[in-house]
Structure formats: structure tokens, C-alpha cells
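This report concerns only the one structure given below.
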Number of protein chains: 2
Amino acid sequence: MQSDWRDLRGLRSSHTRNGAGHSWDLLLAAAFVSDAQYNRNIPFRTSPGALRLYYLYNHWMMRTATYFFIFLNLSLAIFEEPAVYPLPLLVTSLLEVLCLLVFLARLVHFGAVTLHGTFWRDTKNICIMVAILLSLADLTIYGILLEYGVSSIRWSRIVRPLFLINFAESRQIRRAFRSIRNTLPEITYVFLLFMFSLLMFSLMALKLFGERNLQTAEGLPYFRNYLEIVFDLYVLVTTANSPDVMMPAFDFSSWFALFFIAFVIVNTYIFMSLFLAVVYNNYKKHLKNEIRKLAYMKRRKMVEAFNLLKEEEGEQLVVREGRWRQLVQLVAPDISNSHRELLLRISDDEQKGFVAHVPHTVGGSSWPFDTRPSSPWRGKLTFASGRAFVWAFDAIILINAIFIALDEQSPYISYAEWVFLALYVTEILLKVYTHEPRAFFGKTQFWNWFDTLIIFAALTATVLNATLKSTTKYNSQQVLDIVFILRVLRLIRIVDSFQRFRVIMNTLINIVPTMLTFGGLTLVVYCVFAIIGMELFHGKIQFFPAGSDAPHALECGNPALKDSLFARGKYCKNNFNNFASSFIVLMELTVVNQWHDILCGPTWSLGAGVGLVQPAKLYFIAFHIVMVIIIVNIFVSFILEAFFVEYSLEKSEVETAIEQKIQELGMGVQEDELQDEQLLVNMEGDEPDLEGEGGTKPQPKGLVFKIASKRYRTVDALLQRMFEAEMPPEDEGPSLEELLTLSPSAAIPRTASSGSAA
Amino acid sequence: MQSDWRDLRGLRSSHTRNGAGHSWDLLLAAAFVSDAQYNRNIPFRTSPGALRLYYLYNHWMMRTATYFFIFLNLSLAIFEEPAVYPLPLLVTSLLEVLCLLVFLARLVHFGAVTLHGTFWRDTKNICIMVAILLSLADLTIYGILLEYGVSSIRWSRIVRPLFLINFAESRQIRRAFRSIRNTLPEITYVFLLFMFSLLMFSLMALKLFGERNLQTAEGLPYFRNYLEIVFDLYVLVTTANSPDVMMPAFDFSSWFALFFIAFVIVNTYIFMSLFLAVVYNNYKKHLKNEIRKLAYMKRRKMVEAFNLLKEEEGEQLVVREGRWRQLVQLVAPDISNSHRELLLRISDDEQKGFVAHVPHTVGGSSWPFDTRPSSPWRGKLTFASGRAFVWAFDAIILINAIFIALDEQSPYISYAEWVFLALYVTEILLKVYTHEPRAFFGKTQFWNWFDTLIIFAALTATVLNATLKSTTKYNSQQVLDIVFILRVLRLIRIVDSFQRFRVIMNTLINIVPTMLTFGGLTLVVYCVFAIIGMELFHGKIQFFPAGSDAPHALECGNPALKDSLFARGKYCKNNFNNFASSFIVLMELTVVNQWHDILCGPTWSLGAGVGLVQPAKLYFIAFHIVMVIIIVNIFVSFILEAFFVEYSLEKSEVETAIEQKIQELGMGVQEDELQDEQLLVNMEGDEPDLEGEGGTKPQPKGLVFKIASKRYRTVDALLQRMFEAEMPPEDEGPSLEELLTLSPSAAIPRTASSGSAA
């Protein structure tokens, strides 16, 4: 995002500097290149104004603002009717209208950037417009009805997550949804088969146990009603009522245990694995397709940029070096000289002074090589990156762990805390001093960031606590809680000292960015279900703090719950009374255990249910299918895939073109080989210019690029790189040939159609 | 197994028929070939007596007997001390000695067949011997001590599952164990990291909740003791105490829910998926290796057989057609003419009258093509395989389902049952009549077998029940239960009428044989844990039937359990009082839910536990790690892999050499294309001889081989076939070349070494 801003600045300055005619294709090419770098796909209009709008659209501030309003819109549920923190209706309504206006503006902006046909053909845009209209209509109706004293349902709140899904920035979430949509047909067949098996087993259970007059542990009739059996056995599939549902039959005869064993094997173990298999298989297939599409799209954009810039040179169509430099200046104005020269050497293989072909893959947007000048202090305090130093601090962490486990009351221990803090701060300062601040706080230095944040937060909190204590004589419990958590978190650092654990931890850290996608997905599903849940079950259950003398305090304010498992388990706080509680109840349902008990409350308090079908049961089964069977399985698939990618990467090296070139030139030093030094140390001299000395082999003390290790890359990037490495030359052959022969002007309509196809 | 018996017969007859010198290498080659067909690897000795012993060793009766005694030995636990059906000690001891003698005899037999070096180098054999010695020693000591009135522990009972693992027939179970062993190192690292995370979260919980004086729903102190917190959070990882463990903290402050949400996400979702990823990855890797090894071994055996039979023909070393026919006569005396001629045509590509090279892959032991003559009745009652017929019976099944769900008491419904039975019997008879019995009951006709068994068992049981009712005026409840189950099972048939479901069902059926392996694995683990459990917890908990007036009947005969969740849930029958109950408790622990409650009983009744560490907790955690983290994950991996193999098979055709040849000759009809006809119908004429008419293209009505569809194959066979199809020719190059240049006599020591290496 940072670089977009720079793009814009670069764009403006070059725009004034150069003649308009000359810069125009350069600008367009730059737009193509930066579009490809971010894997975006906006088939933009081709006037200079539209191009400026395009850059503005992708400005990081605009994007952040969009996200801000999306989350503001979603979080309105906290302040609306069953509110955690109530706000007057007027305020929330005005906020909602504001959000909707922002969304509309964003959409109009997008429409101004893209071609008309593409804009209207994109279901995303239609979807957003319908959502805005629906929300406005609902808000109006609700307001009018309220004016006449009629309280209606704010049904349009379910529509809100659509904004999170459909704005162009949420590519990952949309991809997850597409993946789900593609999985649905296959999952449906397995689900039908599973339901068939469930119905069969229920029928068997009815026949076997129905006429034996058995009773459950609560003294209720056992397995008499077919629909109740189906539900009980569905709960058994999730293992939530595991031994309980079996006990009456088992007590009657040991042989009946065989029925339940068969049931669990078939439904819990085999069918649930089947769901995972189907979801995983589809997820993988889908992921590959998406990545392939992205890679091809990127290549096509490159071709288009090349076509815009090409000039005749003898018989070839080439991009001359000067133009190339101008382009790089535009797209990435602040990369280092060596980086630029290296890129040129990759593009201009034989050093003829021009780029004769479209580069196959020019890495992503990030420069993975650390080429900043070496720290001037290096050598003075080298012990801070030595083994003994690391081990000493590992020992200190271990001692600290023991101190943390000890009782807090003793004053000596609270003094010890200051000692530890001082030690940690010293460690960080020493390391920063040894390795030069910019290297220490490099983008990929996860642990350094982690350490520094944890330690300084702890320091701040401890000082704050000590101040509060000395002034008010009491510890602030909230601050202390935070201090405790920070102290314990600090211990995680020890994991990084073991090579084996580090590998696993790195994979976990790699997963985090994509895990946020699942966070988004879960948020969408939770929002929808929480809003429905609040409408259905709001206020049925009350929570009273311990010692309350309200009537029915022990029965959650609902006499119908007397003696129920729900009240006995003190589950009163598991209710749908506001957005936050709903989220926590849904979380408990995702974990699955005891969900039939949690659901007892709402069911009973709805009375005897609406006829045979109780809405609570349907609600919870629907949630289980969506969340556990589909989304949790996708999450598991995702983690499985991430690990398999890591495993296969360990075996086969996938190098980018840049890394290959560096290796070819003999200037690469694998970062992993430097592991013992803990930090990246720069060995580049004083920015030597490669230009002109192409043939010379580098001296041992010359320019050395450090190739970043495979740490801290996202799974997506890894997969994309793997696919690009695999992409066969003949695969792109025809389309590339076709594209290369296109005239620069013809390239743009071509983009539009390709964009809509993707 | 059938074919082994035939081998032996064939061996004897050919032995008397031919000159001894001539038949000797033929016999040895036949042994190699049949060895390779079954993927066995016994580097046998090379005297005619040893060869006869070898055939005897592999006789199906010998194998069945071995399995019988293995299971007898295991099932002794049912009759021994904490017995389900008590038998005097003398009887069980004698039975055990008998079993041990049988095992010893089997081992001696194996020793007589194999080469000495190989025998002693094989840990399997050493293992069996040690197990026999340990069992005998334990039995003797126990007997002597009992004589002096001292009752000791029969510890050697844990050793018994070793026999199931180590006898040569249990290749699959051993492979599963090897897979586990190979997974252990990697799993250990993940497990250590997981434990670290658990300990960290526990420390945080201690600091956050320890001094707030919270109480659980039972009024016990909440999160005070570090070890108890660790255990509670371990239980939370399995989600068994999901909302309960959170409620006190959540009631205190809603923010604390975040702690538990973070815990569940990190430990339950991420780490548990990680375990699955590691197990699956290793399982897959290991499976591939094993299959590769088997495929190479098979090829090598073929080479050895070729070397034994080869003669000089010009410059080549070849096997002449006559000798080849003799060999086939020996190995598979009753295959059809067309099958034999086809095999010859594959081996003798250019029809020169000799086999010039080792065949790459000659399929497995089964002949997948149906070449029996067509039914003489076909055409008369074709409607029985028509669509209308199938639909009519689907409708009948649906109506039957409704009748089953209705009340049984009405006499009309029990009459209807007879009508349905009559209809089903008619259906089967019609189908048998139309399709000819041998085709109808073909090996791959799973559904036909299923139908027939279910219907005739139901018929028998219903008749039996009617007889009993008319004589005793009462229904026999046991017979009725069976009738009910059979009636419901009958409904499964409807699944086969939907193409989509059929695909899923076929995969499930394919999985069944290998699932038995996991049955074996689970049996071994359950046996070990059941025996330990019985020693530790035997008699601590009593079960009294409802209405018993024994003291403490409601507290499971143990006053310490008063008011416990264990007694309240009526879990008294979940105890370790005998082998059968132990198995059911272990099953409940595998399902995981409520396991901390089930464990409460034994824990409390052991008193305050031995110091801080309560044996029950350790026992249950150990079981959880072994069973749920490792074995259930392997099971899931296995199902995942089976499905992925099915999926990839759907895309890429993997053909055996035989199928390729048939396709080449244009005589193949894909069975799948005949699907609508429901049954395999034979189109072969009257066994025409292929010999001599090699060049003629087959006439439309000539010899047609039906290529079996991909139904009903085991995953192993599929994988092996896939690997063989992939096996690059240059891969086997060197070793094959090396083997081919060996003289026939040198081939045997070679086998010995190759056998021990594999």
C-alpha cells in the first residue's frame, strides 16, 4: 500500500516533467505493471483523468477508509436495539446512512475507473447496489412504522456482511466463498447420504428401543418419538451427548452398545471424514485454479505493458533501456540502485541495451533481499549475536517462568520482575546496537518485533501499575491482568531457540495472514446467525450475577428452566441478549460440545415449540452444517494444505527469476546458512554500480545479495511461485504469441474481455 | 487362498508326471510367481521338501488356523479373572498353553521354509519367541504363587496382541504400526510444541483466575492449582468440557471469554489440524514407499522366475512357449483358455513362440474379466434388468419404509410384512433367473450378495418368529430385534439406484477391507489398555440394575461417588470390571466426549490419588494421545487418501497390461458403459481359440472381454496399480539388468539377500 502512494507521487512528478505524448504509454504501462504486481484486475479506462482516478481508487487511505466503514457498519449491531452499549436510534440510523453513502461513493468511483460493460456485468457491483437499496428501504420502513408506534424487525441487518464480501479488496474472502459454492454440489450428495444413514439408524433405534419403556437419566421417555430420535442421533454424530444417549439402552442390555458403536463408526468417523475429504479436495482444486488464473493474468498484464512500450530495434520489437529505467522510476521510485540493476540484468539477459522479451516472472512487489549498508558498529559487540548470548537469555527466560509460577504476594518476587524487565530491555538494546536498527526491525524480523512489543508493553504496564499502587495503594486488576498476560507471552520466545520448533512456528506464522480470511468468513457467518438468533431468542434467558435476589435467578429468569441441565450447568450467560453474547454462544456451538444443552434453554423458553418443529433445533442444525461441516473443514483443509506446501517446499527449491539470477552471478548467500548469527547482517559494500562491469565475476568481498529464507511468506505467495515455476512455456505459447502481435491500441479492449472472464 | 491349494495339487501331479530334473526349476519358478502374486516375501529354501513345506505353510487352512488361535488367545481375557463368562483357571491356562504351542509350531514351520540367516535376522520372529517365553514364564510364576496362596498380576496378558501383529499374515497391521513408528518423531515435535502452548495458557489462566476466588458450577474452587488447570485445559482441547470450564470466568467478566476463544483456536483448531497434517503427510509418504517396495519386489520375483526358466534362442535368452504353458498350468490350472491365450499374447508381444522379456506387470492374482458363457435364459425375462423393474422395486422399498415406521401392533401391518418379503424374494429369483446364477453371484456383485443375505435372513427370522409365536404365544424379543434390523437394512438398497450415491457408496465399500486393518490396530490398542485398566480400576465401580436395593446402588456401590457427575449421569455401567465393559469404556473415551466425567469415577475411588499425579488421569491422557491423536488421525488420513485416489482415478485411467492389450486388440467393452443393464452380461461366444489368428481384427460379435469397472477394488490394489503404471522403465534399469545377467543357480542366494533387504 505504501508503494501505491509512491506510485501516485511518481506519476504526478513524471507527468509534469515529461512531455504528455511521451509519458502517456509509460503511465499506462506503469498502471499495468503495478496492477499485475498486486494481482489486481481492474480493466481501466484509458484517459489520463481515469488513470489518476485509478491511482486514487487504489490509494491506501481510500482502502483503509472503506474497511473502516465496513466494520463500522457491522459493529452497529453492538449499539442497536439488543445493545451491548445502547445508542439512540437516530444516531445509529445516521451512522448507517453515512456508511451506505460511503459505499455508494466507492462504487461510483469504481464505476468511473472501469469500463462500462465490465462494471455492469460484475455481480459484485450489482450485489452492493441491491444491498444499499435494501438497507435504505428497510431503514425507511422501520422509521415510518416506529413513528406510528409499530415495532418491526430490522431484517436488512443480515445484508450488512455482504459489503465485507463484495468490496473488491476482499478478494480472499470472496475466494473462500467461491470455494464453498463450488463445494456445495458434492457436499450435498454426501450430506444426503449421511442424512439417509441417520434416518435409517433412527428407524432402527425406534424399532429396537421404542417399546421397551426405557428412561433417560432425567427420567424422561427414551427414544419414543421418531423426530426426537433423529435429533438425538444427530447430536451424537457431533459426539456432544456421547455416553448419555447410550446409557439407558446400555444399562438394559450390553449388546445394545454395538448399535451405538456402529452408529459412531459410520456417521462420526466415516461420514465426517468424508466431508473433510470432499471439502479438502475441492478446496485444493479451486485454489489451484485461482492461482493459475492470477498467474496468467499477471503475465498478460506484463505483455500489455510491454506492448505499450515496445519500439522497433532491427527486426525485433524491444523496450529500450532508457524507457525501461523511466518505467522503473515510475513504478518503484525508491528501490536501491543494485536492485534496479539486477532487475535490468534479468530482463536484458545479454546486455544489449534493451529488453527483448516479456520477463517471465519478476517476483512480487516486495524486494526480498537485504542490501542496506552494513552496521558501522558491527564487530564491536558481536557477542550479542553469539550462541552464548542466546543461551544465556534462554536460561533467563526459564528462570523467569519459575518466578511467574511462584506466588505474586512476596515482595522479593515483584522486585525480581523489575530485574527481569531490565535484563530484557538490555538484551533488546544490545541487539539493536549490534545489528543496526533498520536491520533489527526489518519486515521479516517477526521475533524482534514480537520481543520489542511485548517487553515495552510490559514495561509500560508495570510502571503504570506501580504508579497506581503508590498513589491509590491498590493494584489495578485490569492493568495487572495485562501485565500477567504479557509476562507469560514473553516465554514464547524460547521456542525460537530450537531449530525443529522454529520450522513449525514459521509455518504457523506464515498461515496467519490467510487465517485472517477465515476470520472474515467466520465473522460473516457469525453476524448473520447472531442477528437471526437475537431476533428469535432475545430476552428468553436472563443472566443474574452471583448473589442476585431476583426471582428465578438460578433458573436464568425463566421458570420453565427449573431443574434443567441448562440452569444446573449455570449456562445463564449463554444467551442471545446482545451481539457480544450471541457471538460467544455461536463460538460454543462451533466447538460443538454440550450444544444440545445450550440449545435447551432457547427451545424450552419458546414454549412447546411451534408444532413438531422447534425453531431452535432448526437454527442450531443449520449453524452446525454451515459452520462445522463446511467452514471448519475448509479451515482444516487450509491448514493441511499450508503444511503440505511447506513440506514440498523443503524438498524442491522454488526460486524466482531474481534469485536464479543472483545465484547465476554467484552473489547469493542463502540466509539459512547465516542462521547462527540470528540476524541479517549486510555484507554489501558501499552500493557499487553494477553497470558496465557485466562480465566480471564478483570478488568475495564484492556485492552480495542475501536471499531471504523461506520464512515469513504467505501460503498464497508460495503457491503462486510454485505454479509460476511449473508453468510450462508452451502453455502460454498461443495466447502470448497472440498478445505479442497485437498493436498497442488493440491491447486495451482485450484487457476488458479478459478481465471479465477472470 | 483357493489357488494355493490348487498350486499344491498341480505341484504334486506335475511332479509325478514330469521328469524330476525338468520340473524342478518349473516348480521353483511357480513358487516365485505365486509368491509375487500375493506380494509375499519368503526367501524359501530350495529343496523339493522345503518347497512342499512352503506350499503347506501358505495353505489357507494353516492360515485360518493361525488366525483362529490368535483370536482364541486374545479372547481368553473374556474368561479369565475379571471375567464376563468365568472359566476355571485350569481351563484358561491349558487353552493358553495350547495357543502358545500352536504359535511355536507355526514359527518352527516358518523356520523350516526360510533360509537360516533370514529367519534370525527378522525381528518379527524374535518378537514372537520372546512373547511365547514371557507368557509361559508368567503363567508358571502365577501358578506357583497361587499354589502358595499369593495372588499376583498376570502381566503377560499385555503381550498377547503381539501375536496378532507379528505373524506374517498380518502385513497390513504391521504396515500401520510401521507408519505410526515413522510418524512418531515428527509428531513428537508438534506434541512438545502443543504441550508448551498448553503450559503457557495454563500459567496465564493461573495468573488471571487463580486469585479471584471463583467457583465451578459444583461449588469447587476454580483454577487454583496449576496441575489441575493443565488437566482442565487439556480436556478443553478435546472440547469435552467446552462451555463448563469457561462459565465461571465468563460469568465474572465477559472479556475472559477471549482467553478461552484464543485457547480453542490455537489448541483445538490449529494444533489438532497440525497433528492431522503431520500424520497424513507421513502416512502418505510411508504408503507410497511400501507400495513401491512391493511393486519392485514383485518385479524381482518375476525376474527370478524368468531366470530359472530361460533357455537360449539365437542370441536371446527366452522362455519357450511350451514351458510357459506348463508354468501357467502349474500356477493357475483352472483359468479359461481365452485368459491364458491373452496372457501369452501380452508376454509374447510379436508372436514368435517364446517370451523374450520379463513381463512388466501381469495384473494381480484375480482375473478381472468376465468371460463365462452368456445365460441361456437371457432375453426371455429381460424386463428384470430393465429400468421400470428397478424403479418399481425402489417404490416398493419406499412404501416398505413407511410401513416399518408405522406401529407394529396392527395385524394388517404384520401381514404386509409377508407381502413385502414375498415381493423381495420374487425379485431376487427373477434376477437370478434372468442373469444366470453364476453371473448374479459373481465376486464383484456386492449388492446382489447383500440383497440375498438380508432377505433370506429376514425370511428365516420372520418364519422362526411366527413359529415361536404360534407355539408360545409370545414374540421372542431377540428374534424380533434381529428382524427389525434386517428390515431396516433392506432399505439401504435404494441408494444403489442413484448414480451419484453409488459412486460414494462404492468408495465406502472399497474402503472396507482396509478398514479391517484399523479394526486390528484398534483391537491391539484396546486390548493393551483394557488389560491395564482392569488391573488398575477393577471393582472400583459396581453396576446395579434399576430397582436394586443394594447399598449405594445409586452411587455405583461407592459412597465416594455420592453427588458426583458420574453417578448423576448414571454412568455406573461404564467400568473396568470385565473385558467387555472395558472395551465399551475405551470406545467412549475414543469418542472423547464427557471423558473427564467418565474418568471421575475411577479417580475418586482410588482415593485421593497417589500424591499429585492420579493414575487415572495419566491413563486417560495416554489413551487419548495414542488413540485419538495418532490412530484416529491415521484412520482419517486413510479415508482422505482413499477418496483422493478415487478422485484421481476418475480423471486418469490406470490400466493394467492386460487391459491395455485388450483395448489394443479392440476387444474391450468398458463395464461402465453397460451400467444400465445393472448386471454383467457375457458376450463371449463359445470360447474361441485366439491361437493362430493373431492378425485378424475382432468381429463385432467375436470375443469380447469386459473390463471390470473400478468398483470393488481395494485402495491398496489401486495404489499399487497406479504406481506400477508410473514406474519409469529406467528406474528398474540397473537392478533389472543386474538380475537378468545372473545365472539361474545364482538367483537363489540373491533372493535371500533381497528378501532381507525388503
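Some points to look at:
- Efficiency of FRET from Cβ geometry, B:His538 and A:Tyr433, R₀ 56 Å, rounded to 0.05: 0.25
- In nm, spacing of pseudo-spin labels at A:Val84 and A:Ile141 (7 Å Cα→C-beta vector): 2.9
- Estimated distance in nm for a label pair at A:Thr64 and A:Ser648, the labels positioned 7 Å out from Cα along Cα-to-Cβ: 3.8
- Relative exposure of A:Lys298, B:Lys124, judged by other C-beta atoms within 10 Å (fewest first): B:Lys124, A:Lys298
- With a Förster radius of 56 Å applied to the C-beta separation of B:Tyr189 and B:Ser497, the computed FRET efficiency comes to 0.70.
- Taking all Cα pairs closer than 8 Å and separated by 6 or more residues, the relative contact order of the range B:382-498 comes to 29 percent.
- For B:Arg154, B:Arg121, the sequence from fewest to most other C-beta atoms within 10 Å is B:Arg121, B:Arg154.
- Size of charge dipole - the range A:511-651 - debye, nearest 20, with Cβ of Lys, Arg +1 and Asp, Glu -1, no other charges: 260
- Prolate/oblate/rounded call for the range A:382-501, Cα gyration tensor, a/c under 1.5 rounded: prolate
- Cβ-Cβ distance of A:Ala356 and A:Trp120, R₀ of 56 Å, FRET efficiency by 1/(1 + (r/R0)^6): the value works out to about 0.90.
- Shape of the range A:511-651, Cα gyration tensor, a/c cut at 1.5: prolate
- As a rough guide to protection, the peptides B:259-270, A:241-252 ranked by mean Cβ packing within 10 Å, highest first, stand as A:241-252, B:259-270.
- Two numbers describe the Cα atoms of the range B:41-167: Rg and Dmax, which are 16.6, 54 Å.
- For A:Pro559, the label point sits 7 Å beyond Cα toward Cβ; its separations from the matching points on the remaining copies run 4.0 nm, from shortest to longest.
- The distance from the alpha carbon centre of the range B:69-84 to that of the range A:534-592 is 50 Å, rounded to a whole number.
- Taken residue by residue and averaged, Cβ atoms of other chains lying within 10 Å of the Cβ of A:582-592 number 5.
- Label points for B:Glu147 are taken 7 Å from Cα along Cα→Cβ. From this copy to the others they lie 10.5 nm apart, shortest first.
- Sequence of B:Glu535, A:Glu427 once ranked by neighbouring C-beta atoms within 10 Å, starting from the fewest: B:Glu535, A:Glu427
- For the rotation that carries chain A onto chain B, the axis lies closest to a Cβ at A:Asn593, 3, where the number is the distance in whole Å.
- Placing a label point 7 Å from the Cα of A:Ile335 along the Cα-to-Cβ direction, the distances to the matching points in the other copies come to 6.4 nm, shortest first.
- Relative contact order (%) - the range A:456-517, alpha-carbon pairs under 8 angstrom, separation at least six: 24
No lab work stands behind these numbers, since they all come straight from the coordinates. All of these numbers come straight from a predicted model, not from anything done at the bench. Positions of Cβ are backbone-derived with ideal geometry, glycine not excepted, and every protein chain shown enters the neighbour counts.
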